[in-house]
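J.: For reference, the structure I am asking about is given below.
The values are calculated or read from the model by the stated rules, or taken from the named source; none is laboratory data. Keep in mind the model is a prediction, meaning the values are calculated, not measured. Reconstructed Cβ throughout: ideal geometry from the backbone, glycine too, with neighbour counts over all protein chains shown. Areas reflect the complete protein model, heavy atoms only, side chains present, ligands, DNA and RNA absent. Shrake-Rupley method; radii C 1.70, N 1.55, O 1.52, S 1.80 Å.
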Amino acid sequence: MDVFEAIKNRRSVRAFTREEVSEDEVKRLIDAARWAPSAGNIQPWEFIVVRGTKIKRRLVVAALDQTFIEEAPVVVVVCADERQSSMGYGSRGLTLYCLQDTAAAIQNMLLAAYALGLATCWIGAFYEEEARQVLKIPFGVRPVAIIPVGHPAEKPNTPPKKSIREIVHHETYGRKIA
Ligand SMILES: Cc1cc2nc3c(=O)[nH]c(=O)nc-3n(C[C@H](O)[C@H](O)[C@H](O)COP(=O)(O)O)c2cc1C
């Protein structure tokens, strides 16, 4: 699939069918994620693959009752190992790089899922401490996103996106070209 097609047509999907997602498909998503760039190639990402109903239900609660999480046959929780990033780059690694690195990995995953005909939603609204407890995540590893993965049961409208003109500055900030 053409990369531009995937970038433009991927949508956040919040309703899933009961159709299964295979282990091989999950593996391909994680494989896509791990090819993302990362500061100093530290690759501070880790992935928790959840299929069990009990844990999914507790993730729904941690994520402010976003119940569609539970509908997805697989939920991938993406974590950032802050210890590795801060060892490499101090406070910049801790507060910036490990989040940028994992965000790049997440986007790779979302695009790969779309290319496989799967649907995803990047969920950032959740109580980290609650997710940490549910998933037994150790101190120094930060859960950064919950990604339900399944087959789409809806076709979301294309959301409005800012125009290129609105977001580009020429040479210095604030300089727009008519
Ligand atoms: C960091 C981040 C956090 C997000 N958190 C949530 C969330 O908690 N729940 C949700 O339904 N969507 C969440 N989204 C998805 C956005 O709402 C969605 O990407 C946006 O509306 C644009 O739609 P699109 O993904 O279809 O282009 C999040 C997206 C990002 C990048």
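J.: Hey, can you tell me all the residues within segment 86-116 that are touching a residue at least 40 places away in the same chain (Cβ under 8 Å) and either over 18 Å from Trp35 (Cβ atoms) or charged (D, E, K, R) (or both)?
T.: So the first thing to find is which residues in segment 86-116 are touching a residue at least 40 places away in the same chain (Cβ under 8 Å), and the list is 88-89, 93, 97-116.
Residues satisfying the conditions are Gly88, Tyr89, Gly93, Leu99, Asp101.
J.: OK, next. Can you list residue pairs whose Cβ atoms sit under 7 Å apart, with the first residue in segment 122-134 being of a type outside the set (Asp, Glu) and the second being open to solvent by 40 Å² or more (accessible area, probe 1.4 Å) and more than 6 Å from the ligand (Cβ to nearest atom)? Count only pairs 6 or more apart in sequence or on different chains.
T.: Close Cβ pairs satisfying both conditions: Ala125/Leu64; Phe126/Leu64; Val134/Ile55; Val134/Arg58.
J.: Anything in segment 27-75 that is open to solvent by less than 70 Å² (accessible area, probe 1.4 Å), more than 16 Å from the ligand (Cβ to nearest atom) and among the charged types (D, E, K, R)? List them, or say none.
T.: Asp31
J.: Consider segment 77-99. How many of its residues are within 12 Å of the ligand (Cβ to nearest atom) and either surrounded by fewer than 19 Cβ atoms within 10 Å (Cβ to Cβ) or in a helix (DSSP H, G or I) (or both)?
T.: The number of residues fulfilling the criteria is 1.
J.: Given (1) away from the ligand (no atom under 16 Å from the Cβ); (2) free of Cβ contacts under 8 Å to residues at least 12 places away in the same chain; (3) touching a helix residue (DSSP H, G or I) at 6+ places or on another chain (Cβ under 9 Å), where does Asp24 come up short, assuming only one miss?
T.: Here Asp24 clears every test but (3).
J.: Here's something else I'd like to know. Among (1) more than 12 Å from the ligand (Cβ to nearest atom); (2) in contact with a Pro (Cβ under 9 Å, 6 or more places away or on another chain), which single condition is Cys121 missing?
T.: Going through (1) more than 12 Å from the ligand (Cβ to nearest atom); (2) in contact with a Pro (Cβ under 9 Å, 6 or more places away or on another chain) one by one, Cys121 breaks only (1).
J.: Let me ask something else. What single numbered condition from (1) within 16 Å of the ligand (Cβ to nearest atom); (2) open to solvent by 40 Å² or more (accessible area, probe 1.4 Å); (3) not acidic (Asp, Glu) fails to hold for Arg11?
T.: Every listed condition holds for Arg11 apart from (2).
J.: Also: Considering each residue of segment 122-138, count those that are exposed (fewer than 12 other Cβ atoms within 10 Å of the Cβ) and under 17 Å from Val149 (Cβ atoms), and give that number.
T.: 1
J.: Quick one: would you say Val149 is assigned to a strand (DSSP E or B) and open to solvent by 10 Å² or more (accessible area, probe 1.4 Å)?
T.: Details: assigned to a strand (DSSP E or B): yes; open to solvent by 10 Å² or more (accessible area, probe 1.4 Å): no.
Considered against the rule, which asks whether it is assigned to a strand (DSSP E or B) and open to solvent by 10 Å² or more (accessible area, probe 1.4 Å), Val149 comes out as no.
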